[in-house]
Each structure stands twice: as C-alpha cells, then as structure tokens.
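The values are calculated or read from the model by the stated rules, or taken from the named source; none is laboratory data. Here the structure is a predicted model, which means the values were calculated and not measured. Reconstructed Cβ throughout: ideal geometry from the backbone, glycine too, with neighbour counts over all protein chains shown. Keep in mind that these areas ignore ligands, DNA and RNA; they rest on the heavy atoms of the full protein, side chains included. Shrake-Rupley method; radii C 1.70, N 1.55, O 1.52, S 1.80 Å.
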Amino acid sequence: MTEPITIGVDHGYAAMKTAHCSFPSGLAEYEHEPYTQKTVLCYDGKYYVVGSGRQPLQKDKTADENYYLLTLAAIAKEIAYRNAPTTTPVILAAGLPLTSFGREKKAFRAYLLRESKPVSFLYEGISYEISVQDVKEFCKKHGITENVFFISAFGITLGKYNFKKDAVFTT
C-alpha cells in the first residue's frame, strides 16, 4: 500500500489554499459536461466548475457538499503539483477561518473523513482515487495558536505571490 501523503487545505470563504495553490472558493454545478476540462470536477456523475466566484458566508460549512467538492479539487491540484500518484491515501491538515474553528471542528473533521472510504473523481480530465485516512488538528498537534498558523500561512502565500522566499508584513 502507498504511504499517505499529507496535504494542508485552508477552507476559506473567499479562497481554498494549499501549500502550492490557491483558488477562489466558487463552485458552479452543470448537468452536462462543460466544453472544457479546465477547473472541472466530475464527482458522482455531476460536473462542477471550480473557482468561479466565492462561497457565500454560511454558519455551517458542512450543510452542503460544496466544501467537500472544493477539498477534492484542492487535493487534486496538490497531487498534480507534487507529481504524486493519482491513487493514494491522504492525510488532511484542515484549516477553517478563526470564527468557525471551535464551533465546526468535530463536524468538519467527520465531513472530510467520510469514514476513510475511497473516493473516485475526475479533475481536469484526470482520474483520481483518494481515501482520506485522517484529518489532523494541525494547531493542537504543533502547540501553536490558530492565529500563529494563519499569519504564517498568509506570509508564505504572500511570499509565493511576490516570488520571494521571505515576506514581511505587519498586523
């Protein structure tokens, strides 16, 4: 069996972010296959264009399938970037906005874990089969606050967008 790969995913209202990609959190469902495969997720016989707009603010991100579908797209993008196998077990290090973290943590973990059952989907025409083996509470594991985590993630993202190894900013 392949060793699981760890993928960090930040589930923001405006954007989904991993270590190597960021995209708007919008999702548009189509009954028929769109004319292009670019940013198209095919899951459970339905087609979704990923990154069109952003998610509306909602109290519970587990109320519908949108954030799960966006997570699949984020996993696919990260696997493609890393040139990793498209059939692989995954450990998610999930991030939620600070306002949601405490209230949604347990439910969101179960929502993403899906009993570790294999999930098959297509993203940009490429077939993936992943199974989420675990969802880590990254901050608790590393003994840092959510604030430190998100400020660090922002700094890394800012550096990547500016093509710099280091990013300096103030809060």
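Name every residue in the range 111-128 that is under 22 Å from E29 (Cβ atoms) and either part of a helix (DSSP H, G or I) or of a type outside the set (A, V, I, L, M, F, W, C) (or both), in order of residue number. Hits for the range 111-128 are Y111, L112, R114, S120, Y123, E124, G125, S127, Y128. Scanning the range 127-171 for residues that are modelled with pLDDT of 65 or more, farther than 21 Å from R114 by Cβ, surrounded by 15 or more Cβ atoms within 10 Å (Cβ to Cβ) and not hydrophobic (A, V, I, L, M, F, W, C) yields T157, G159, K160. Of the residues making up the range 82-105, one or more are outside any loop (DSSP other than H, G, I, E, B), among the aromatic types (F, W, Y), crowded, with 16+ Cβ neighbours inside 10 Å and in contact with a helix residue (DSSP H, G or I) (Cβ under 6 Å, 6 or more places away or on another chain).
Residue by residue, here is whether (1) within 15 Å of E124 (Cα to Cα); (2) out of contact with any Ser or Thr (no Cβ under 6 Å at 6 or more places or on another chain); (3) at pLDDT 85 or above holds:
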residue	(1), (2), (3)
T6	no, yes, yes
Y35	yes, yes, yes
C42	yes, yes, yes
G45	yes, yes, yes
V50	yes, no, yes
Q58	no, yes, no
T62	no, yes, no
L72	yes, yes, yes
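Taking each residue of the range 1-19 that is basic (K, R) and looking for partners that are open to solvent by less than 30 Å² (accessible area, probe 1.4 Å) with beta-carbon atoms closer than 6 Å, six or more apart or interchain, yields K17/D10.
Residues are listed down the side, and each one gets a yes or a no for (1) over 25 Å from K106 (Cα atoms); (2) in contact with a Lys or Arg (Cβ under 8 Å, 6 or more places away or on another chain):
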{"position": "G26", "(1), (2)": "no, yes"}
{"position": "Q37", "(1), (2)": "yes, no"}
{"position": "L41", "(1), (2)": "yes, no"}
{"position": "G51", "(1), (2)": "yes, no"}
{"position": "A63", "(1), (2)": "no, no"}
{"position": "I75", "(1), (2)": "no, no"}
{"position": "E78", "(1), (2)": "no, no"}
{"position": "Y81", "(1), (2)": "yes, no"}
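When the range 1-55 is limited to residues that are of a type in the set (G, A, S) and farther than 27 Å from N162 by Cα, the one that is surrounded by the most Cβ atoms within 10 Å (Cβ to Cβ) turns out to be A28.
Among the residues of the range 34-76, write down those that are polar (S, T, N, Q), out of contact with any helix residue (DSSP H, G or I) (no Cβ under 8 Å at 6 or more places or on another chain) and under 16 Å from G12 (Cβ atoms). Selection gives S52, Q58, N66. Listed here are the strands (runs of 3 or more DSSP E) enclosed by the range 1-68 that have at least 1 residues being among the acidic types (D, E): 5-11, 27-30.
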